[in-house]
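Trainee: One structure is given below, represented as structure tokens, and several questions about it will come after.
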Amino acid sequence: MSLHEGKGDTASFLPRILIIDHHDSYTLNLLSLLLPSEDQAERRKEMSALLPSRVVVLPHNHGYLKPQAFQKLIKPHIDAIILSPGPGTPENPNDFGAAEALLKDENLGIPILGVCLGHQGLATAFGGKVKRARSVRHGLRSPLRWSPDEEAVGKKAKTEAPGGILAGIPENAQVVRYNSLTVDEETLPQCLRVTSWAFDDPCRAPPPRLFASALESRLRSEQHSLVASATSSAYASSCPDSPSACASPLVSASTSSSADGHCDMTEIDPGFPENPNRSNLERVILSMQHNHLPIHSVQFHPESIESNYGRQIMSNFLKVVEDFWKGQGTDVARRKLREWHEYRAELPQWLRKQGDRCVSSGSSLELDSLPDQESKASIQPFKVKSRRFRNAAGPGVAATLAPKIFERLFRQSKERSSGQVGSVWLDSARPRDPHSRYSFMASPSFSLSYDCFKKQLVLHRPALDGSTENEPVDMKGAIRDNDEKAPSFWGWMNQLQCELKTSTDFSEAIVDLDEHEGRAEDMKRTYGSVFRTGFVGYWGYEMKEESLDLERPEDQGPISSQSGLPDAEFAFCNKVLAFDHVKEEWIAFALIQDQDSAEVNHLPTMANLHRLLSDRSAMAVTPKVASDWFDQVGTVLDSELHQLSPTTSSRTSLAKDVLPLLKPDLDSASYKARIEQCREIIASGESYELCLTTQFRGKLTPNQHASSYESGKEDLKDDHFELYLRLRERNPAPYSAFLHLPDLDCGSVADQRWGSRSILSTSPERFMRITMQGQVEMKPIKGTLARAGWGVGEAGMRAGDSGEEEEREKREWREREDKRRREKLSADIKERAENLMIVDLIRADLYSFCQIHSVKVPALMKVESYETVHQLVTTVSGQLKEGVGSCEAVMRCFPPGSMTGAPKLRSVQLLEGLETQLCPEIPALLSNPRSTTFSPSPCSNEPLEIACRGVDASRQAKSGHNSSKARRGIYSGSLGWMGIDGSADFSVVIRTAFVNGDEVSLGAGGAITYLSDPEQEWREVLDKIQALANVEA
């Protein structure tokens, strides 16, 4: 069962609700509990449309939540309050100060529901305390118990089920928990009553070792003081039962790993303990209520996709709200009740607007739905035309010719360089993969690069001599933005895509595509995510500065500011060649302009670009240029099909050697030390999961730096295309991509040896797809296991180099072993917990810009098999709100949750400290082991202060610490396309090499939870890198 199942439903009314968000990545999932079950589709849709006028979500540090402002501006307009989950502790005012003030307000007179952090805050507000849990539980389920007697665990309860918010909930209902801290029962004030419990086994994971394993013998004497220091935060004095003091040893990976390299250490029972009479079970308070006030709380997450009866719990809370206001007996209360039931109670517009940062209203952006072609024809100077080329070859032949087609039509050469800035191939290198039907090739006419720290946008256009001209673009004034801050690149690109969509006629492209399908509506569903010209590029990880609205001191910029490389780049492609892997047909698209360019002067962003563009870098081409190009495509396709000389896979055995030997920025000891720091951070309640990463770097030799797909092509620019071809043969993936980027005139790039930059991606993970009808799909991957033959020491079991009988035996072994490993991965509790954490995060992301009723999880934690690994994949989908553009949608989900952890904001802040100069290297650990301790500071004015004792970060920076080397850059960001029709498709940038001249870098990492084993996590990082290159580790 899930939150969509179980007895009960939402109430038939909806009061005005304030949700206080403690920067948690799951807060917005609470909105789903206010809707009816999915079998009531029409009513769900009605309630979904009603929610924006009844529910407002404000961040806990919003100015309106300060006591005086709340009393005057907020309180008169709301009927109930929900205190969200969140990282940190309620005893830290930076984490929970505003909510604590409300709970302590004797005259508040408003019902409150607290969830997780809100539950803990209820206890501390009335005099209780929180402590570290003996069993850290993130993404794991627990059964609700009514009896406080541990002898009753696993037996029929002797006590009656509680009422209140748990009315109608059966005992043993499974609920998902994300908590490292719990309410200390011994300090519980008499005004609070416990309504349910859980009984937890002690965690099997050992306490975090806050030093590198290689240095264990030298630092063993320091362990006691180190652990004491780690628990000396604002709340640790009341936490005698820390994981460090109570956890039992973990079975080592070296003794419990199977041949596939997967460790059994996390086989933890998520339900009842095996022996219910054991005396070492920890009794944990899972729900409470105030004896006299309408305040209830739960330690668990009823909004999780894997919690049962979440909707019933919310319905019960709404009944508490109704009963409270009925009991007031005032005219105001009676008017409230009447307005609820008549659906007339609304939040004032100015208050709803304050919640836009958390939940988009859709009104701030002007991206239309599919334009009405007749009414907009007079202001549509652009038109998309297309031509289809039928497959004249046999099955499977056309796809193998793709590298030849790309080289002849798009690959940058001296002959073609005067009209293009780089080249792009979004390559579904895994033909017939259901996740990637199309491949796209293009030669950009101009490109844009953005520096997040400098807030500088630069246009790159081709010059007559084959070089690149660079021109700064002024974003101010072009974007309609009432915010006093400098306009963001996200907003600028969103507006540009909106203007392009409303200025373009797609009718002829639709007719051409639909002529063999029968109906235009069928076409729209099938081709809703086809790239029909637009932008191709990437959002680098450091664009998190704008997407998460990170605030920094004026003298401290993001780490990207020292790199000299852009944080985002997008190339505009007015001619695109698509290959349909299902129909095995080619489709050419061209954006033409057959009206005067003055038609776009009323559109500020496009008008600004038009002034900077030239004939060689125009937004669109003339009808004759488009027709000639279609003819050229047809000629090349015919020529290659007749020659039938497809690319072979003869280089596969050399694929790993095509890249240089790579060395990690963090060696094994350093990375494992940071894993232990992550585990300590998680144990202290600051995060549920941290996606720790590092970069692997090397330099190409002249032999590896091959300049062309075929020898003897001296006119071809050094674009690393040969490297890409070998990598795609080694690791075919549905979201593979080759991007040859334009030359830049900046810092470290100007003096590089070859002066050429390329992205070579073999990513298996979709970040987000948006169709032109606004349908959104995300596919997070969390959970990886080597396929049979690809585990440690299994190379001899792969196909090839054996006799017929031996090959048959090896094949049968691989089939049996793959089946076993798929089942093992599907049932692995740790891997499922990691996946669930990201799934719940992504659901919340989608609720921020999709219609609430449309967000669904059609496939939860399904095992998908690739060339070398099995992976646990979930699909989450939704429908954009009217007026929300694809750029805004991507921004609201960026960075990808699978690359940050949860909660996203706090995890990103912590990771920046762990992965950059704020975190000491091993020499610093030797001189001061206490410097590995992270603790939240209750005195800090920042949302979180990472205290690395013994490390002066500013002194490190001044002494030349290379923070730009630690930036993630393109890695962990998203790469793909944004069509001028409003559609988009992006992958997560993993399994991707960035080549800058002769320098190569690949990023890799993994999700760290409290249950993580450092040895196993480092092995997984190496497995990911070694699929593409050899590692010096």
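The values are calculated or read from the model by the stated rules, or taken from the named source; none is laboratory data. This is a predicted model, so every value here is computed, not measured. Glycine gets a Cβ as well: all are built from the backbone with ideal geometry, and neighbour counts include every protein chain shown. SASA here: full protein model, heavy atoms, side chains in, ligands and nucleic acids out. Shrake-Rupley method; radii C 1.70, N 1.55, O 1.52, S 1.80 Å.
Trainee: Give Lys353/Lys455; Lys385/Lys862; Lys856/Lys1024 a once-over and call out the pairs whose C-alpha atoms are over 32 Å from each other.
Mentor: Over 32 Å apart, Cα to Cα: Lys385/Lys862.
Trainee: Report the full-extension gain for the segment Lys455 to Ser639: residue separation times 0.36 nm, less the Cα-Cα distance, to one decimal in nm.
Mentor: Extra length available between Lys455 and Ser639 comes to 61.5 nm.
Trainee: Something else: Run the numbers for Cys191 and Glu46: contour at 0.36 nm per residue of separation, minus the present Cα-Cα distance, in nm. Spell out each step's value before the answer.
Mentor: On the way: separation 145, 0.36 × 145 = 52.20 nm, distance 3.95 nm.
Extending this stretch completely gives an extra 48.2 nm.
Trainee: Ignoring ligands, DNA and RNA, what percent of the 1.4 Å accessible area of the stretch 963-1009 is carbon and sulfur?
Mentor: Carbon and sulfur atoms account for 41 percent of the accessible area of the stretch 963-1009.
Trainee: Shifting gears a bit: Hull surface divided by four, with the convex hull built on the Cα atoms of the stretch 977-1033: how many nm²?
Mentor: The number I arrive at for the stretch 977-1033 is 6.5 nm².
Trainee: Now for a separate question. At q = 0.20 Å⁻¹, what log₁₀ I(q)/I(0) does the stretch 803-914 have when each alpha carbon counts as one equal point scatterer in the Debye sum?
Mentor: Summing over Cα pairs of the stretch 803-914 leads to -1.09.
Trainee: Keeping the other protein chains in place, figure out the carbon and sulfur percent of the accessible area of the stretch 281-349, with a 1.4 Å probe.
Mentor: 46
Trainee: Of Lys501/Lys881; Lys501/Lys583; Lys782/Lys904; Lys129/Lys782, which sit over 23 Å apart, Cα to Cα?
Mentor: Listed pairs above 23 Å: Lys501/Lys583; Lys129/Lys782.
Trainee: Spin-label point model (7 Å from Cα, Cβ direction): what's the Glu508 to Lys663 distance in nm?
Mentor: With each label placed 7 Å out from Cα toward Cβ, I get 5.7 nm.
Trainee: Keeping all protein chains in position, work out how much accessible area Tyr971 exposes to a 1.4 Å probe, and write it in Å² to the nearest 10.
Mentor: Number for this one is 20 Å².
Trainee: How much accessible area per residue does the stretch 789-920 have, counting only protein heavy atoms and a probe of 1.4 Å, in square angstrom?
Mentor: Here the residues of the stretch 789-920 average 33 Å² of exposed surface.
Trainee: May I pose another question? What distance in nm lies between label points placed 7 Å from Cα along the C-beta direction at Arg808 and Asp356?
Mentor: It is 7.0 nm.
Trainee: Can you give me the distance in nm between label points at Glu471 and Glu346, each placed 7 Å from the Cα along the Cα-to-Cβ direction?
Mentor: 4.6
Trainee: Related question: Carbon and sulfur atoms: what percent of the 1.4 Å accessible area of the stretch 40-114 do they account for?
Mentor: 51
Trainee: Stretch Thr330-Ala859 to full length: gain in nm at 0.36 nm per residue minus the Cα-Cα span?
Mentor: Numbers: separation 529, 0.36 × 529 = 190.44 nm, distance 4.90 nm.
185.5 nm is the gain from fully extending Thr330 to Ala859.
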